[in-house]
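Structure first, commentary second.
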Amino acid sequence: MDILTKLSAWFDSTHLQAQIKDVDYIGLFSNPWFIVPFGAMIGYMVFKQKWKDLLILSILVGVWWVSGTPYMNSLIVKGEISIEKILPVIFGGAGALGLVIYLLFGRSD
């Protein structure tokens, strides 16, 4: 259990949750130092016809976008998770995770 305590303390010291919450996505996607390599990667995936990788990347960007919506901010009401609002998130996440697992380990090309 000591390792879990140290790991939890390290995770809290990185302030990763606050950094993710404070990301300026409008500034990020208008910054040429991000958008040019990102666009080049997308173009390369389309050129090489890596549709599975492109779909997985789209799912990851979609999950990142959904995590910043007002709906996600309204999941916790008075310090408790609202079960009516968390169920669609759980099933959507399970569906996305199932699709990614299928794409990675399912049928081969």
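The values are calculated or read from the model by the stated rules, or taken from the named source; none is laboratory data. Small disclaimer: the values here were computed from a predicted structure and weren't measured. Surface areas here come from the heavy atoms of the whole protein model, side chains and all, with no ligands, DNA or RNA. Shrake-Rupley method; radii C 1.70, N 1.55, O 1.52, S 1.80 Å.
Per atom type, the chain shows carbon and sulfur on 70% of its accessible surface, probed at 1.4 Å.
Students sometimes get this wrong: rank Ile35, Ile59 by accessible area, probe 1.4 Å, all chains present, largest first. Each step should come with its number before you reach the end.
Numbers: Ile35 60, Ile59 30 Å².
The ordering from most to least exposed comes out as Ile35, Ile59.
Helix 51-66 and the long axis of the chain differ in direction by around 30°, with both axes built from C-alpha atoms. The separation of segment 55-91 from segment 11-39, counted between C-alpha centres, amounts to 19 Å. In terms of overall dimensions, the C-alpha atoms belonging to the chain reach 48, 35, 35 Å along their principal axes, ordered largest to smallest.
Per residue, segment 20-109 exposes 80 Å² of accessible surface when a 1.4 Å probe is rolled over the protein heavy atoms with every protein chain present.
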